[in-house]
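Report on one structure; see the data block that follows.
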Amino acid sequence: MNESLFKVNDLDLWYGDHQALNKINMEIEKNSITAFIGPSGCGKSTFLRVLDRMNDLIDSVTIKGNVFFEGKNIYNDMDILELRRRVGMVFQKPNPFPMTIFDNISYGPKLYKKYKKSELYDVVEKSLKQAALWEEVKDRLHTSALGLSGGQQQRLCLARTLAVNPDVILMDEPTSALDPISTTKIEELMIELKKEYTIIIVTHNMQQASRVSEATSFFLIDDNRRGYLVESGETSEIFLNPKDKRTEDYISGKFG
Amino acid sequence: MDRKKSNRIALTLIQSLSVLTILILALMLSYLIYRGLYSNKLIEREVSDYVNYDLPFEVYSSKNSNVDELDYFTLRKIVQGKIYSLRKVSNVNRDIKLYIDPSLIKFLSSYLNLEISEFEDDNVNILTANNLINDKSLLKELKRYEASIIISEKNSNIKGFNSVEISDMVISVNKDVKALYDNKRIGNLKNEEVESLINDSIKNWSELNGPNLDVKKVDSLDEVAKISGAFMPIQASLYQKAINAQKQIQSLQVFHEVSTQNLKLNYLLSESEDEGKYGGILSIIFNTLVMVFLTIIIATPISVAGAIYLVQYAKKGKLTSLIKTGIDLLAAVPSIIFGLFGLLIFVQLMGLGFSLISGVLTVSIMILPTILRTSEEAIRSVSPSLIEASRGLGATKIETIFKVVLPSASRGITTGIILAIGRALGETAALIFTIGSSTSFVSGLKSSSRVLAQHIYLIIIEGGSIDDAFASALVLIILVLLVNSITKIIMKKEIK
């Protein structure tokens, strides 16, 4: 059993008057892949965005409860910018900046430190290699990132996240906009990256969750349209031997 | 079937409307370009250019004088000193420097019906043609000077000057022909009418709107004076002689068509003179560019900052929507009202006077809403996912705005700036009350100045030359096109 990286205690979240998350308790292990599954609107993406405080961008969001990252409360004891550097995020739709490939990758590193050109080049090369994109783009680093295919763009976004050297990578349905081949590539990458990073992925794709993740958390929505955690545990347990009837129904496709 | 028919009708309608739009645009643009480049004028004169008599002398003018044709009476007045500047002759505001070959003095005296003592002393420099041709430095000076006129022997072949044609045929008529008849009077003749008159195709003066008299072509001025309805084409010199001898004859005025190149390099490259009546527009073009540049420099940061605030910071509420309504209102306010505001606030209250800075500040305020609104739209349309990506990497809000939002919105912001430049370039009303009207190069923020659009307005208001107005208009159009395309090129480079 690895040490736990995130620890969430009794987390409630409101969008204005509407409560979207209800009493979430969870622990997430280091150097593993955790999958969040559940029907649409159950709050799993919202919960993912709690982990690097992306919900702070929305004015109406209020939060109760505690989230600890390496033992520190992320809402009180940690600098938000430091948190976001250490907890990176890859979004549902590839969202490269309308800049060159090189500028996309070096955008993050340049925020934190002044680099010499050669150092920056090294960072870019390393990140692109980690994201298995280097071979495809090394000859056109200074062309627009918008010229890449969707799958390449998503790997570019992954490389951009990796460039700031995070500990955790949050992935919000990273393959939902991609074709099967690009999806396979991203999945292979995730397994590769697990050695150095902790990965948390939100997915609607059951097979994906079972293929890549060690731990799975299943979210549902209650009668008041509040998201809550049904159960979480090892992926094999959840998929083969769920404790909760609702989990079994969802996984076997009875609803969702 | 019915739907198909109505579709076809709608399509035809749309097509014909779009063709109409293009036609109107093309028509207007080509007329403006034509009038800017060429000038066609009808001038009434006492002589006709239908026949030119052979003369034993030749007249030359310097290239920049715009003179390539003179009539007998104008030449006479120039030699007499009654016309001492070319401003009435060819709109060039320079005193004439006249050189006459001494061997021609005698002939000219009888030809122009002037005593030698009547030749104006101060201006007439009498040199031998030989000397003039050999005196290289003098020739050079004359060539450069805008209002040199040389009268020399025939075929003296002076290079670098215009050869000036002298028209000297007068249609002399009996005074009855010009009398008021049935509330009508014979008008100015066109060249074709002169031709038909001389070729005997016109039998009665009423055909030319004159009295009901038979046309009689006669052979002497005495007959012209005596016979009712008589006329005779005659060399101006002889006509003048007869007038001097108190003969009772009159002449018909003839329309002379002058078609010249209007917008000349010289006009573009020389400074304005006499409050814009003469000279070129170089200083005014310069002032215009300075005004627009300063205006954009002042207005862009303010309005882009305002746009950022409205999109990224302002909370939705009554105040924000009030501000937005205010900005829209400001965009719709006629520019003359901005001019009035500028006059009261900048010119008078702040004591800046009629100066470049008053004008610049007024126009800046005027174009603020244009840039602000387009920038706001551009910033608002930057995908939120880009902002999330940047914030997710740990960038602060300000870092995100400067590094991601503004670059992504640059195309829209540039569009706003181009629109604003267009508005500033063409601004007249807001500047009349604020910037002054001096035509010289601006020497500082406090100096009075004049811009192109305002120059066009002032030319017309002050009764200046329409040709100048069209030339300036063409320059203004080209300037707008130029500024637009330069901005587009810069924008394209930025995006790459």
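Laid out as a table, the results:
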read-out	value
Rounded to 5, percent antiparallel among DSSP beta bridges of the protein assembly as shown	65 percent
For segment B:215-286, alpha-carbon Rg over 2.2 N^0.38 Å	2.00
Beta bridge orientation in chain B: antiparallel %, DSSP, nearest 5	70 percent
B:Ser251 long-range amide H proximity, modeled H, under 5 Å	B:Val173
Mean Cβ neighbour count within 10 Å, used as a protection proxy, ranking B:260-270, B:452-462 highest first	B:452-462, B:260-270
Separation of the B:Ile22 and B:Glu271 label points, Cα + 7 Å toward Cβ, nm	4.7 nm
Karplus 3J(HN,Hα) series, Hz, for segment A:95-110 with 6.51 cos²θ - 1.76 cosθ + 1.60 (x for Gly, Pro)	10, x, 5, x, 9, 6, 4, 4, 5, 4, 6, 7, 4, x, x, 5
Folded to 0 to 90 degrees: helix A:150-162 orientation relative to chain A principal axis, Cα	90 degrees
Neighbouring partner chain Cβ atoms per residue of A:53-60, average, 10 Å criterion	2
Cα-projected label distance for B:Glu257 with B:Ala332, points at 7 Å along beta-carbon direction, nm	5.0 nm
Local electrostatic count at B:Ser355 - Lys and Arg +1, Asp and Glu -1, tallied over other residues with Cβ under 14 Å	+2
Footprinting exposure proxy for A:His204, A:His18 (fewest neighbouring C-beta atoms within 10 Å first)	A:His18, A:His204
Which of B:Met350, B:Met366 has the fewest Cβ neighbours within 10 Å, and the rest in rising order	B:Met350, B:Met366
Cα-based radius of gyration of segment B:169-261 once divided by 2.2 N^0.38 Å, which approximates compact folds	1.06
Under 5 Å, built H, 5+ apart or other chain: amide partners of A:Gly65	A:Asp12
Net length gained if the chain between B:Glu153 and B:Asn244 were fully extended (0.36 nm per residue, minus Cα distance)	30.1 nm
Kyte-Doolittle at least 0.0, axis length at least 20 Å by Cα - qualifying DSSP helices, chain B	B:2-37, B:282-308, B:318-332, B:356-380, B:406-425, B:466-495
Spherically averaged projected area of chain B from its Cα convex hull (nm²)	39.2 nm²
Distance between segment A:116-190 and segment B:45-62 - C-alpha centres, whole angstrom	84 Å
At q = 0.07, 0.10 Å⁻¹, base-10 log of I(q)/I(0) for the protein assembly as shown (Debye sum, equal scatterers on each alpha carbon)	-0.75, -1.09
Value of D in µm² per second that Stokes-Einstein yields for chain A, Kirkwood Rh from Cα pairs, at 20 °C (1.002 mPa s)	114 µm²/s
Average beta carbon contacts from partner chains per residue of A:95-101, 10 Å cutoff	5
Ellipticity estimate at 222 nm from DSSP helix runs (n ≥ 4, -39,500 (n - 2.57)) divided over chain A, nearest 500	-10000 deg cm²/dmol
Among B:Leu252, B:Ala429, B:Ser61 the positive-end extreme of the charge dipole of chain B (Cβ point charges)	B:Ala429
Under 10 Å, Cβ to Cβ, from A:Val90 - net charge with Lys/Arg +1 and Asp/Glu -1	0
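FYI, it's all coordinate maths here, none of it is from the lab. Predicted, not measured: the structure shown is a model, and the values here were computed from it. Neighbour counts run over all protein chains shown; Cβ positions are idealised from the backbone, glycine included.
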